[in-house]
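Engineer: The structure's right below; bear with me while I get my questions together.
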Amino acid sequence: MSYYLGIDGGGTKSLAVIRDDAGRECGRGTGGPGNIAFNDEATVLRSVRSAVAEARQVAGLPDARFAAVCAGMAGYSVEPRRAAFDAVLRQEVDADRYRIEPDYVIAYWGASEGEPGVVIIAGTGAVAYGRNAEGATHKEDGFGYLLGDRGSGFNLGLYALRYTLESMQQGRSDALTDAVLAHTGATIQNEILQWLYGEFSTARVASLAPIVGALAESGVPAARTLVAEMARRLRHTVRSIRHALWLPRNAPVYPLGGLWQLGPFFRAEFAEPTWPGHAETPLEPEGLPGGRFTLAEPKHDAAVGAAILAAME
């Protein structure tokens, strides 16, 4: 029996999955953060070591040599850190073959098992990746909060802050501005700026996203407009991949990441936009509607996707 190890190194936690050559999951484990760009080598090593050790224990394979290991790591694009992690991985895990991939690639393989389609990951940041029947691939966004991440939780939080500042400037108040002020603890514009810049982090800004999403679900017009705008931005990203890969309109789109937990309104606006906006912020009709998008449930998580890739020659 051959065994394959898949590792998903994320910004907040790491996962490890062991599968056998029949595709059965034998064990899995968790560890701490594993972003090779932002976490130091010692932290990443501890996280991976913990996740792999737990997966080995669950599988009853404390000393087995793996036929192959694939690690999908956040921060993959930082080449020097990737090279350093590759060296650490080879020392830490005994295997015949080693492979390192971007986190969005293993997410795609876990969600689709390699079938044509697109994975759209929307959490604090946003990135999309697709593959067609011929094996051609294409990535969109994932450029970070300054240059990209269109439709992300950070993007939504930033728009909510901007809306609140403009409302205060014009002497307006509604459920959205009240919720943002309550979350930030601000009573005047400068206090919002202090909240944003004083202890800045993308996750802190993105913490506003669930609040806006809940208001959108309850029917608050301003919140619905912001959420619909994020859905359209993500649609644009997926549409760009479909165009680049000549994917059919009914190609499955696999939603991943915390933003998809905002609720049915967000998903519906992504699948097929209908919300026109509201008086203060009307939305322009989609220039390239692209038809209705087909949302599909991911088949597996990203760690399993890494194990699938490990088993491929």
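Engineer: Is it possible to state the helix-based mean residue ellipticity at 222 nm for the chain, with each DSSP H run of 4+ residues giving -39500 (n - 2.57), the sum divided by total residues, to the nearest 500 deg cm²/dmol? What is it?
Structural biologist: Calculated from helices alone, the mean residue ellipticity at 222 nm is -14000 deg cm²/dmol.
Engineer: Run the dipole for the chain about the Cα centre, Lys and Arg Cβ at +1, Asp and Glu Cβ at -1, nothing else charged, and hand back the magnitude in debye, nearest 20.
Structural biologist: Once rounded to the nearest 20, the dipole reads 220 debye.
Engineer: How much length is gained on full extension from Glu191 to Met1, taking 0.36 nm per residue of separation minus their Cα-Cα distance?
Structural biologist: Gain in length upon complete extension: 62.3 nm.
Engineer: For the stretch 110-152, state which GluC sites (Glu not before Pro) are in a DSSP loop and have at most 11 other beta carbons lying within 10 Å of their beta carbon.
Structural biologist: Passing sites in the stretch 110-152 are Glu134.
Engineer: Would you mind pulling out the separation of the Cα centroids of the stretch 18-78 and the stretch 80-159, in Å?
Structural biologist: 16 Å
Engineer: For the Cα atoms of the chain, what angle does the longest principal axis make with the long axis of helix 189-198, in degrees from 0 to 90, nearest 10?
Structural biologist: Here the helix axis deviates by roughly 10 degrees.
Engineer: Report the extension gain between Asn250 and Ala83 in nm, rounded to one decimal, defined as 0.36 nm multiplied by the number of residues separating them, less their alpha carbon distance.
Structural biologist: 56.3 nm
Engineer: Next question. Quick one: grab Rg to one decimal and Dmax as a whole number for the chain, Cα atoms only, in Å.
Structural biologist: That works out to 21.1, 70 Å for Rg and Dmax.
Engineer: Let me ask another. So what is the relative contact order of the chain, in percent, for Cα pairs below 8 Å that sit 6 or more residues apart?
Structural biologist: That works out to 21 percent.
Engineer: In the chain, what % of DSSP beta bridges are antiparallel (nearest 5)?
Structural biologist: 60 percent
Engineer: Oh, and also: By average Cβ neighbour count within 10 Å, what is the ranking of 295-307, 81-93 from highest down?
Structural biologist: 295-307, 81-93
Engineer: Measure nothing but the geometry: give the 0 to 90° angle between the long axis through the Cα atoms of 221-245 and the longest principal axis through the Cα atoms of the chain, rounded to 10°.
Structural biologist: On a 0 to 90 degree scale, this one is about 40.
Engineer: Helix 103-112 versus the longest principal axis of the chain: what is the Cα-based angle in degrees, 0 to 90, to the nearest 10?
Structural biologist: The two axes meet at around 80 degrees.
Only the coordinates and a few stated rules stand behind these numbers; no lab work does. Just so it is clear, the structure is predicted and the values come from calculations on it, not from any experiment. Note that each Cβ is placed from the backbone with ideal geometry, even for glycine, and that neighbours are counted across all protein chains shown.
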